[in-house]
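Working notes for the structure below.
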């Protein structure tokens, strides 16, 4: 037997043996160690906008209105407010829950609610403007009525008050803590009222939360949860297989095989209600003609992207709606994004495309498969006759007008048909501020948007949203939707955890009833 | 150094271009610039910066809004632990292998020693790191692959870091020893009947060690200042990640402190190496004493 063959057999035997070996037992089944890909600089409930921070906020804070995460149909429940009623079309009064202890030992009252929400309703600091634009641009102010009653006033009648106030970025933090230590220090260890409190936090690296014994609701099922940043894929998988961590996130389809092969582990998968996309700069002269932007879309074979990059586990979008999200089921007959190179070429000729170079700008290694996706899209554009090149950038800088595209994601932030659209394309968002999105050029847009955003009749909203989806995709074309990405979590087989309903993508809920360790 | 770092940081870009995913309006940018004193003329900013340094105030991170010293103080234990482990491993493996490579030149074990050195140079850090994780973490489950809670967590990162350093020590030590072994005083030592061991350790190794001290000193600089790749792969958030993160975000105060601290480390280590030279080489001690006497 040759040396090489003997060595291969030994390696195979070792691998087989390793696969059959059980995972080392958890040191403490009440303490969960989670390996995350990204981490956060601060834990400020109202300041942080990214998916990276969204992972942790559910542990730390509660909201006036809670959403039932066990029900596929969104159902709003009392949270830090026990009841609420509409005083007028723009005023909702909330009665606060008595006896809610915050992590700093103080009792929650109206001052905490005013402090937490007013700073994002009418931001005076830049750090709060992001979430203001995403969620709260229609919220005017919080008025304290008495120690346990507040009124929330909106600029216009708003059917989404409950939905928006149930988002974790509306989490209530202790005003006393912020007054005592200042916003900056409080942001490192905020005193919310959630089932867990911060035990230790090393920004961008490690967060340990521990059960908060005085939580007003059901007790946290775990003593501690530790979120450690392991940004590289191989060490993250190895850490799980080695027993260094118990739960890991963001496992692309092509990396799941060793986990599935190992006894004692399991994988939980989902296709998120979110898009990875490129925003198109509608005011960039080379792509100002919507026919050019439409051609850029029709040139792309999204099914091929979903198949080749995601092993078929991603969804190829057919418009700005999510297949699998109940509130969008009425749109499932629409296919506004076919792969149609012939039509793309026809549109390019009709628009008089003169060979101007189109630059696909994106941030390398930011979104999963982002680099590969950009390369594939570039080739598809070139196939139909576009002259194009890639540009990897660190950030979009002050003068974003120079760019043609930027990569982005549009998660469903709250469970409403507009939950992904509004948060990203509203007037207060950066796309409008920086004039990448120019809805004023399309008179039909604003009335449709208003009808969906502020309408109260469900059927009328659905009709308007359908027309909005068609308008944006076929006439306005402010984006190139790529795919609804797949996400996978891997964990020990004795951990009972499923992706709850109605939560923002990437949120990691470890509350009572959502996780258990056998 | 201060001027170059200060100016270089500002030429590299504006932190507010990188800190906010959704960008900023002109008004917000002006507001933040005023908050962090970046709206003042550069000379005024520099004077304020130097003035603060003189009082021991190293500034506040623009990204995290925390004292710069806090960021580095948190990062230092991981880096120092890794540096110490790597350094010890480098000496423990590199020195004997270097001697072996010299003494067994042209023979099997000499070739093995040089082969190890060659691999250390040829295999990139990140490749070696992933291989070690896959073999010792994933396949064998012998060692933890991420984090820094126990000394065992530092084994794989230390091996990864030490690989290239061992290679350098082996090569330089072998070269120096071969050079010294050919000199007259070594031939004389052999001729007087001294045992090979006494010739090796008393005459060859001591003389060959001096240049190697310089190499080791240079490597220590790099170890103390952190390795981004190692820290990222093994989830050991140290000084390297802190500094590179500051570069990526143009977090001026953190960046400036990192460069200054690196310079101080280089100076301190070089001074230490010079002091060791005096200990290791009596000629240097005698020369210094004579100069002092003349003065």
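The values are calculated or read from the model by the stated rules, or taken from the named source; none is laboratory data. Here the structure is a predicted model, which means the values were calculated and not measured. Virtual Cβ from ideal backbone geometry, glycine too; neighbours counted across all protein chains shown.
Tell me which residues, restricted to region A:389-418, are away from every other protein chain (no Cβ under 14 Å), part of a loop (DSSP other than H, G, I, E, B) and under 21 Å from residue A:290 (Cα atoms).
Once the filter is applied, which keeps residues that are away from every other protein chain (no Cβ under 14 Å), part of a loop (DSSP other than H, G, I, E, B) and under 21 Å from residue A:290 (Cα atoms), region A:389-418 yields only A:404.
Among A:217, A:182, which is more than 7 Å from chain B (Cβ to nearest Cβ), within 30 Å of residue A:103 (Cα to Cα) and assigned to a helix (DSSP H, G or I)?
None of the other options fit; the residue is A:182.
When region A:320-335 is examined, which residues are found to be under 12 Å from residue A:469 (Cβ atoms) and buried (at least 21 other Cβ atoms within 10 Å of the Cβ)?
A:320, A:321, A:322, A:328, A:331 - these are the residues of region A:320-335 that are under 12 Å from residue A:469 (Cβ atoms) and buried (at least 21 other Cβ atoms within 10 Å of the Cβ).
Return the only residue of A:66, A:93 being under 19 Å from residue A:146 (Cα atoms) and outside any loop (DSSP other than H, G, I, E, B).
Result: A:93 is the single residue among A:66, A:93 that is under 19 Å from residue A:146 (Cα atoms) and outside any loop (DSSP other than H, G, I, E, B).
Matching residues to (1) in contact (Cβ under 8 Å) with a residue 24 or more places away in the chain; (2) touching a strand residue (DSSP E or B) at 6+ places or on another chain (Cβ under 9 Å):
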position: A:76; (1), (2): yes, yes
position: A:80; (1), (2): yes, yes
position: A:100; (1), (2): yes, yes
position: A:107; (1), (2): no, yes
position: A:124; (1), (2): no, no
position: A:130; (1), (2): yes, no
position: A:134; (1), (2): yes, no
position: A:139; (1), (2): yes, yes
position: A:151; (1), (2): yes, yes
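Only one of (1) more than 10 Å from every other protein chain (Cβ to nearest Cβ); (2) over 26 Å from the mean Cα position of the chain (by Cα); (3) farther than 17 Å from residue B:246 by Cα fails for residue B:27. Which number is that?
Every listed condition holds for residue B:27 apart from (1).
Which members of region B:48-79 meet the condition of being away from chain A (no Cβ under 14 Å), touching a helix residue (DSSP H, G or I) at 6+ places or on another chain (Cβ under 7 Å) and assigned to a helix (DSSP H, G or I)?
Residues satisfying the conditions are B:49, B:50.
Is it the case, given these coordinates, that residue A:386 is buried (at least 16 other Cβ atoms within 10 Å of the Cβ), within 14 Å of another protein chain (Cβ to nearest Cβ) and either modelled with pLDDT of 95 or more or over 30 Å from residue A:75 (Cβ atoms) (or both)?
No; evaluated as a whole, the condition is false for this residue.
Given the criteria within 14 Å of another protein chain (Cβ to nearest Cβ), in contact (Cβ under 8 Å) with a residue 60 or more places away in the chain and over 12 Å from residue A:133 (Cβ atoms), does residue A:421 qualify?
no
Quick check on residue A:276: is it modelled with pLDDT of 95 or more, outside any helix (DSSP H, G or I) and within 14 Å of chain B (Cβ to nearest Cβ)?
So residue A:276 does not fit the description; no.
Test residue B:84 against the criterion of being modelled with pLDDT of 85 or more, within 14 Å of another protein chain (Cβ to nearest Cβ) and out of contact with any strand residue (DSSP E or B) (no Cβ under 8 Å at 6 or more places or on another chain), and give yes or no.
no
Does any residue of region B:9-23 turn out to be in contact (Cβ under 8 Å) with a residue 12 or more places away in the chain, within 30 Å of the chain's Cα centre (by Cα) and surrounded by fewer than 14 Cβ atoms within 10 Å (Cβ to Cβ)?
Yes, because at least one residue in region B:9-23 is in contact (Cβ under 8 Å) with a residue 12 or more places away in the chain, within 30 Å of the chain's Cα centre (by Cα) and surrounded by fewer than 14 Cβ atoms within 10 Å (Cβ to Cβ).
Could you count how many residues in region B:117-139 are in contact (Cβ under 8 Å) with a residue 24 or more places away in the chain and either within 14 Å of chain A (Cβ to nearest Cβ) or crowded, with 19+ Cβ neighbours inside 10 Å (or both)?
Going through region B:117-139 one residue at a time, the tally reaches 9.
Could you tell me whether residue B:226 is modelled with pLDDT under 85, within 30 Å of residue B:153 (Cβ to Cβ) and assigned to a helix (DSSP H, G or I)?
no
Which residues, counting only those in region A:25-41, are touching a strand residue (DSSP E or B) at 6+ places or on another chain (Cβ under 7 Å) and within 11 Å of chain B (Cβ to nearest Cβ)?
A:33, A:35, A:36, A:39
Suppose the filter is in contact (Cβ under 8 Å) with a residue 24 or more places away in the chain, part of a helix (DSSP H, G or I) and farther than 19 Å from residue B:126 by Cβ; does residue B:264 pass it?
So residue B:264 fails the test.
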